[in-house]
Amino acid sequence: MRIISGKFKGQAIAAPAGRDTRPTSDRARESLFNVLAHAAWAPELEGARIIDLFAGSGALGFEAMSRGAAFCLFVETDSAARGTIRNNIESFQLFGNTRIHRRSATDLGPKPAGVGAPFTIAFMDPPYFKDLVAPCLKTLTGGNWLDPDALIVVETDAKESFEHDGFDIVDTREAGKARLTMLKLASI
């Protein structure tokens, strides 16, 4: 797995060993970031504040950082995955621009003041078919983690559906066996 574009283009991204983590494929990441670069509804990546939920290797967050994001909070409960994220942070020299949050993405609680302003882009790549998207969306809004104009990118299996109360779907894309669903807070 490698960074596709930006200042770290071509550099390897370490992934946790074993089958507990399913990194977003290069193809899916390339498709997603092409959409984010050109869609009128997508926030600017340059200077963006990213939260990478169910981070695994951190591939989505590191790709965003390579393309100019200012900060990324990686949320991950698995200790091996957090170790891999730390190794990737060290490899890319992103010590002051990243942080790892050891907390369940479905039970974040209120956003701590120490992580700064609300996030402009949230990447959510939960284990497939575990019904984790809806509780994660609820904790993001309930804990004031999101900027009012934030974009939430959800990766699921192409055959999987999820509840998204309070959010509007702005786009969906298929990437192999995965579906990328882009959400924004519902208009009132």
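The values are calculated or read from the model by the stated rules, or taken from the named source; none is laboratory data. Predicted model, so just to flag it, every value in this text is computed and none were measured. Quick reminder, even Gly has a Cβ in these numbers, built from the backbone with ideal geometry, and neighbours come from all protein chains shown.
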Residue 155, sole failed condition from (1) at pLDDT 95 or above; (2) in a strand (DSSP E or B) = (1)
request  = Identify all residues within segment 115-140 that are modelled with pLDDT under 95 and not in a loop (DSSP other than H, G, I, E, B); write none if there are none.
outcome  = 115
message = Looking at segment 73-103 only, could you name the residues that are buried (at least 17 other Cβ atoms within 10 Å of the Cβ) and closer than 20 Å to residue 142 by Cα?
response = 73, 74, 75, 76, 101
ask   = Which of (1) modelled with pLDDT of 90 or more; (2) in contact with a Phe, Trp or Tyr (Cβ under 8 Å, 6 or more places away or on another chain); (3) under 23 Å from residue 101 (Cα atoms) does residue 5 not meet, given it meets every other one?
value = (3)
ask   = With respect to residue 125, is the statement that it is surrounded by 13 or more Cβ atoms within 10 Å (Cβ to Cβ), in contact (Cβ under 8 Å) with a residue 40 or more places away in the chain and of a type outside the set (A, V, I, L, M, F, W, C) true?
value = yes
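Of everything in segment 147-163 that's free of Cβ contacts under 8 Å to residues at least 40 places away in the same chain and of a type outside the set (Val, Ile, Thr), which residue is farthest from residue 52 (Cα to Cα)?
Only one residue fits best here, namely 159.
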query = Restricting segment 43-69 to residues that are touching a strand residue (DSSP E or B) at 6+ places or on another chain (Cβ under 6 Å) and surrounded by fewer than 23 Cβ atoms within 10 Å (Cβ to Cβ), which is modelled with the highest pLDDT?
reply = 49
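Take segment 147-178 and flag every residue that is under 14 Å from the mean Cα position of the chain (by Cα) and of a type outside the set (Val, Ile, Thr). Don't jump to the end; show me each part of the working.
Taking segment 147-178 as the starting set, the residues that turn out to be under 14 Å from the mean Cα position of the chain (by Cα) are 150-156.
Matches in segment 147-178: 150, 151, 155.
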ask   = Among 40, 70, 28, which is the only one that is of a type in the set (A, V, I, L, M, F, W, C) and either within 26 Å of residue 177 (Cβ to Cβ) or in contact with a Leu (Cβ under 8 Å, 6 or more places away or on another chain) (or both)?
value = 28
request  = Please go through segment 133-145 and pick out each residue that is under 25 Å from residue 30 (Cβ atoms) and either surrounded by fewer than 19 Cβ atoms within 10 Å (Cβ to Cβ) or touching a residue at least 40 places away in the same chain (Cβ under 8 Å) (or both).
outcome  = 136
